[in-house]
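Worksheet: the structure to be examined is printed underneath.
Since every read-out is calculated from the coordinates, none of them should be taken as a lab result. Everything quoted here is computed from the prediction, not taken from an experiment. Neighbour counts run over all protein chains shown; Cβ positions are idealised from the backbone, glycine included.
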Amino acid sequence: MSEIDPSIRCHYRDSAGRRCRLPRMQSHPTFCIRHARPAAPEPTVPELDLSQELLGPLTDFRSATSINYTLGRLLILKAAGHISARDASIVAYICQLLMQSVPAVRKEMSCSRATSPDYQDLRDVLKATSSVWDEEEESEEQEDLEEQEAPATPPRK
């Protein structure tokens, strides 16, 4: 194989510093046909804020239901072509991490109800991050307590 005269070789160098072996184009002063082409302009897709569409009314992701809702919305957005496969996989991975943390969050929440001073830091963190979900859970617990405290009616004879 004959070597190309270095003076007519393409001047392009790759990331390892190797020089292209193709001859320069006659119409271009430094590059071969492969490297003389103008770089393809990157498609400019306007970034849409799909957070409201994806999340809807959700602000808390400490329940499997809220994470499932987000994954369902993600499927709809991906199927409609509104979200890229890369972005969809990132959101799905985050949902997977959230789903794996749900049992631990529930355990922490039950521990925080203990009156021991050992759990004071945990109670402070949970209080600082309280949300609608906590309020719903507390109202359900209050209803359960009221039902337990209500005197049972004697059976009719």
Response to the item:
Descending packing, highest mean Cβ count within 10 Å first, for 16-22, 87-93, 66-72 is 66-72, 87-93, 16-22
Worksheet entry | Stretchable slack from A114 to D60, in nm (0.36 nm times residue separation minus alpha-carbon distance) | 17.1 nm
Worksheet entry | Simple spin-label estimate for S51 and L75 in nanometres, 7 Å along Cα-Cβ | 2.5 nm
